[in-house]
Amino acid sequence: MNLFNLFGNKTFSHGIHLEEYKEETNSKSTRRLPFAPEIILPLAQNIGKPAKPIVYKGQHITRGELIAESTGFMSVPLHAPVSGIVKSIELVKVADGEKQLAIVITTSLNSGQHVIAADTYNNYLTMSREALVKAVQNTGIVGLGGAAFPSHVKMTTPESTPIHTILVNGCECEPFLTTDHRVMLERIEQLILGIHIAMKCLDAPKAIIGIEDNKLDVLQEIKPHLPNDGSITIEAIKTKYPQGAQKMLASALLGIEIPSGGRSSAVGLAIFNVATLAKIGLLLPTAGGYTERIITITGDNLSNPGNYLTPLGTPLRFLLEHAGFTGTGDASLILGGPMMGVPVSSLDVPITKATGAVLILDERATGHDEIMPCIKCSRCLQACPIHLNPSEMGQLATKRQYQTMEETYHLQDCFECGACSYVCPSNIPLVQYFRVAKKLNYERHLSEE
Ligand code: SF4
Ligand code: SF4
């Protein structure tokens, strides 16, 4: 029997099929990474305002302790990922090459690393919605899918736009990545609890967990844990890139189109990554702080690839040593997946709240082919999941006509999935052009205000 027929083949239009490269890590249980001798915690790890330190140089701190507080609603606190001593609060290099203020901690490697005794919310499911949202903020949680948007903000919806469905994104559609897959197999109770908390915060009657049909083991494992009243369901949809993008997920699961420039809440949806909700389900009952996350470490020249429970602030160099990296300095190092990840040049940058994967590409590295003229083959148009015209926008980008790209070709709707660049036979780095154009348009808008 073809299992796929049991679950239908819902999907969105356009998109691309990619080699998956997930087999190196998707069947391995998550392992805990040891504590690094030094931990580097940038204060700005979320969209919005950075946290404000409440510790001083030389202070002894305990794992799980609050060390930087939120500075407003669009901000989340930071908790100590290790017990140790505050070495400094200084500018450090982060993944994008910029420098940011960070709390640097010397780890007490012989301390046992017991987590500080926290409060408990015995009554968390009977709290008011406002109190529950505040409790989520206090955990320091942001979207673990990569956006780093504070989760409590997403859990606060104006009364004028009621949320009818929460979509729980377990697609993990980028090649190589298997963090969410492992979370859905290993953290099922926490995930279901996190979904209940999100439903309560948003007063949403229904939630759907969406997975790609390359993870049918997840479907079998989760189904027995779902409530009998049908309020939480799970559906497998077709494996296709970028199925995990919010617009594609809403389109595939419910046939709902999120309007151009609009938010998912405008059509009654709230969309969360599975790992985010599982982490909320883990932390909220004990009022714990977000201090560690599961990261996929995979790619070339690694003797020990896998999924590792990693303290935030762990330097990349330490992580790679433990994954048995045997390559040279020529390898491409990417935080995230090969399609939407961020290349990094330094091994001293730390893992942050939004880092879901470390990918090393050596022999499989791409992007060094010569750029050729556009041959008008229209493959990029067929690939673009939101039906933009990447070919035309690419031509305009080379002529620096960024304003036309926005006003006539809806550049602002491009969410930089890279599908157009991937299929282009002329090796035109379309998505890079679009990133630059969007940045320049943003700066132009700021200067016009
Ligand atoms: S990068 Fe932008 S233009 Fe290219 S396929 Fe993705 S959404 Fe479309
Ligand atoms: S895929 Fe490349 S060559 Fe083909 S139309 Fe698009 S930009 Fe031109």
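Only the coordinates and a few stated rules stand behind these numbers; no lab work does. Predicted model only: the values in this text are computed from it and were never measured. As a convention, Cβ positions derive from the backbone with ideal geometry for all residues, glycine included, and neighbour counts pool all protein chains shown.
Using mean Cβ contacts within 10 Å as the protection proxy, how do 143-156, 427-440 order, highest first?
Working: 143-156: 21.6, 427-440: 18.5.
Highest mean packing first, the order is 143-156, 427-440.
Report, in listed order, any pair from Lys10/Lys279; Lys200/Lys279; Lys22/Lys215; Lys154/Lys279; Lys99/Lys438 with a Cα-Cα distance greater than 19 Å. Each step should come with its number before you reach the end.
Working: Lys10/Lys279 28 Å; Lys200/Lys279 16 Å; Lys22/Lys215 11 Å; Lys154/Lys279 15 Å; Lys99/Lys438 22 Å.
Distance filter (> 19 Å) returns Lys10/Lys279; Lys99/Lys438.
Amide H of Glu38: which non-local residues (sequence gap of 5 or more, or other chain) have their own amide H closer than 5 Å, using H built in the peptide plane?
Thr107
With both partners inside the chain, how many of the DSSP beta bridges are antiparallel, as a percent to the nearest 5? Intermediate results must be reported in sequence, preceding the final value.
Numbers: 36 of 59 bridges.
The antiparallel proportion sits near 60 percent.
What whole-number distance in Å separates the alpha-carbon centres of region 222-284 and region 143-213?
6 Å
Hey, which aspartates and glutamates would be in cross-link range of Lys376, C-alpha to C-alpha under 14 Å, not counting anything within fewer than 8 residues on its own chain?
Of all the aspartates and glutamates, those that pass the test against Lys376 - Cα under 14 Å, at least 8 places apart if same chain - are Glu392.
Got a sec? How would Ile47, Ile192 order by Cβ neighbour count within 10 Å, fewest to most? All intermediate terms of the calculation are to be shown ahead of the outcome.
Values: Ile47 16, Ile192 21.
Listed from fewest to most nearby Cβ atoms, that is Ile47, Ile192.
Given springs between every Cα pair under 10 Å in a Gaussian network model of the chain, which of Gly281, Gly394, Gly97 has the largest fluctuation?
Ranking Gly281, Gly394, Gly97 by mean-square fluctuation puts Gly97 first.
Mind telling me which of Cys374, Cys384, Cys171 comes out most flexible in a GNM of the chain, alpha-carbon contacts under 10 Å?
Among Cys374, Cys384, Cys171, the largest mean-square fluctuation in the Gaussian network model of the chain belongs to Cys374.
Top mean-square fluctuation among Asp413, Asp330, Asp348, Gaussian network model of the chain, C-alpha springs under 10 Å?
Asp330
Could you compute the net charge surrounding Pro53? Neighbours are other residues with a C-beta less than 14 Å from the C-beta of Pro53; K and R count +1, D and E count -1. Mind showing how you got there, number by number?
On the way: positive: Lys49, Lys52, Lys57, Lys87; negative: Glu65, Glu69, Glu90.
Its environment carries a net charge of +1.
What nm distance separates the two modelled labels at Lys439 and Arg32, each placed 7 Å from Cα along Cα→Cβ?
Reported label-point gap for Lys439 and Arg32 is 4.0 nm.
Gain in length, Glu221 to Ser346, computed as 0.36 nm per residue apart minus the alpha-carbon separation, to one decimal in nm?
Details: separation 125, 0.36 × 125 = 45.00 nm, distance 3.93 nm.
Here the segment from Glu221 to Ser346 would lengthen by 41.1 nm.
Under a point spin-label approximation (7 Å from Cα along Cα-to-Cβ), what is the Ser231-Ile375 distance to one decimal in nm?
With each label placed 7 Å out from Cα toward Cβ, I get 5.6 nm.
Using packing as a proxy for protection, rank 296-309, 13-26 so that the peptide with the highest average count of other Cβ atoms within 10 Å comes first. Write down the numbers at each step before the final one.
Details: 296-309: 21.2, 13-26: 16.6.
Final packing ranking: 296-309, 13-26.
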